[in-house]
Amino acid sequence: MRHCYYNESVGFFYNNSQKELTSYWRTKDVLVVALGLTVSVIVLLTNLLVISAIIINRRFHYPIYYLLGNLAAADLFAGIAYMFLMFHTGPRTAGLSLQTWFIRQSLLDTSLTASVVNLLAIAVERHQTVFTMQLHSSMSNQRVVILIICIWVTALLLGLIPSYGWHCLCDLGNCSRMAPLYSRSYLTFWALSNLVIFLIMVVVYTHIFVYVKRKMTRMSKHTSFHPRYKETMINLIKTVIIILSAFVICWTPGQVLLLLDGLACESCNVLAMEKYVLLLAEINSLINAIVYSYRDNEMRSTFRKILCFICYRNPRYSPASVKSNVPKRRILSQNGHSTMDSSL
């Protein structure tokens, strides 16, 4: 019968995994916390702005924007989770109870997983709309709600599993180095799950990229090719490149480190870069808001309205007048019907 160490301190497990616990603030600890808190505050503000814009502007009441709002909510939660981590890291880690430590890690796992799965959902939605030559998906609101619920259920399950049994409190030999209370097998599972999602996203966006390139080449040969359509296609390609680049840069290093730790790579110094790759992953929550929102003209206009709300107290700046002043860009689809331009 295995012996479980439920009554031991966090320091006991850190010593078991040979992960250093300091009793004073080092320069690099202060630097990491300062950067982390700064990024968290920016993530909170930008994603609150996105959510507010989607709520107040009825033009955003479509599936893609509901998913975008859910992505912003996930990134907002990631900012809160990372801020919680910054207030419970460094010398404060040694004083945490096992329950508080698991809460700290579960918040991070849940929020980051929700962000990744949201990115996948948006990728699939964009794939559907691009290939059907539509601006918005035909998905019903009910299906969008179900999809959003599934996203959060998945994220919660992955985030809470270690707290409810998939840990190493009863198997010290299987404890990881980066997360000394987590089982290495869980880290391997979590990292591989995210890398598989990453691979699916690459396939989806590559398919979109190839399709758009071929579509531009084919349609440019016809005299009826509308210049607005070409501009939309180019913007879409740029958006795809930014999304893929940001995701690769921000997520791959952390997932690779987790996988190496899960596979018990003895020669890999995973602890040296742990905090920095986590910060890099958190920055992706900020980039999401910029890429998926700021590149949309209507979203940008709504941002200005929110940030300059004092100006709009004047009656001549009523929402109706603002709405009418927003330029409508329309393009012609293959069937001759016009559709609004969108960089998403």
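The values are calculated or read from the model by the stated rules, or taken from the named source; none is laboratory data. Here the structure is a predicted model, which means the values were calculated and not measured. As a convention, Cβ positions derive from the backbone with ideal geometry for all residues, glycine included, and neighbour counts pool all protein chains shown. Side chains are part of the model used for accessible areas, which takes the heavy atoms of the whole protein and leaves out ligands, DNA and RNA. Shrake-Rupley method; radii C 1.70, N 1.55, O 1.52, S 1.80 Å.
Within region 125-135, is there a residue that is touching a Ser or Thr at 6+ places or on another chain (Cβ under 9 Å), touching a residue at least 60 places away in the same chain (Cβ under 8 Å) and at positive phi? Scanning region 125-135, I find at least one residue that is touching a Ser or Thr at 6+ places or on another chain (Cβ under 9 Å), touching a residue at least 60 places away in the same chain (Cβ under 8 Å) and at positive phi, so the answer is yes. A count restricted to region 147-174 and to residues that are farther than 30 Å from TYR62 by Cβ and either out of contact with any helix residue (DSSP H, G or I) (no Cβ under 6 Å at 6 or more places or on another chain) or open to solvent by 60 Å² or more (accessible area, probe 1.4 Å) (or both) stands at 10. Applying the condition of being open to solvent by 10 Å² or more (accessible area, probe 1.4 Å) and in a helix (DSSP H, G or I) to region 59-70 and asking which residue is farthest from ALA155 (Cα to Cα) yields ARG59. The residue pairs whose first member lies in region 4-21 and is in contact (Cβ under 8 Å) with a residue 12 or more places away in the chain, whose second member is part of a loop (DSSP other than H, G, I, E, B) and of a type in the set (Ser, Thr, Tyr), and whose beta carbons are closer than 7 Å, counting only pairs six or more residues apart or on different chains, are SER17/SER176.
Do we find a residue being at pLDDT below 90 and surrounded by fewer than 15 Cβ atoms within 10 Å (Cβ to Cβ) anywhere in region 49-58? Checked region 49-58: at least one residue is at pLDDT below 90 and surrounded by fewer than 15 Cβ atoms within 10 Å (Cβ to Cβ). Each residue in region 96-141 was checked for being closer than 17 Å to LEU181 by Cα and of a type in the set (A, V, I, L, M, F, W, C), and 7 pass. The condition (being at pLDDT 70 or above, β-branched (Val, Ile, Thr) and farther than 23 Å from ILE242 by Cα) is satisfied by just one residue among VAL277, VAL291, VAL270: VAL270.
Cβ-Cβ distances below 7 Å connect the following pairs, each with a first residue in region 184-206 that is open to solvent by less than 50 Å² (accessible area, probe 1.4 Å), a second residue that is part of a helix (DSSP H, G or I) and among the small types (Gly, Ala, Ser), and a separation of six or more residues or different chains: LEU187/GLY262; THR188/GLY262; ALA191/GLY262; MET201/ALA123; VAL204/ALA123; TYR205/ALA123.
Quick grid of which residues meet (1) in a loop (DSSP other than H, G, I, E, B); (2) farther than 27 Å from PRO180 by Cβ; (3) of a type in the set (Phe, Trp, Tyr):
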| site | (1), (2), (3) |
| --- | --- |
| ARG2 | yes, no, no |
| LYS28 | no, no, no |
| VAL39 | no, no, no |
| LEU49 | no, yes, no |
| ALA94 | no, no, no |
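Condition check for GLN18 on (1) open to solvent by 30 Å² or more (accessible area, probe 1.4 Å); (2) in a helix (DSSP H, G or I): one failure, at (2).
Is there a residue in region 71-83 that is open to solvent by less than 50 Å² (accessible area, probe 1.4 Å), touching a strand residue (DSSP E or B) at 6+ places or on another chain (Cβ under 9 Å) and touching a residue at least 60 places away in the same chain (Cβ under 8 Å)? Within region 71-83, none of the residues are open to solvent by less than 50 Å² (accessible area, probe 1.4 Å), touching a strand residue (DSSP E or B) at 6+ places or on another chain (Cβ under 9 Å) and touching a residue at least 60 places away in the same chain (Cβ under 8 Å). If you go through region 34-57 and keep only what is without any contact (Cβ under 8 Å) to a residue 60 or more places away in the chain and either under 17 Å from SER285 (Cα atoms) or not hydrophobic (A, V, I, L, M, F, W, C) (or both), you end up with LEU37, THR38, VAL41, LEU44, LEU45, LEU48, ILE51.
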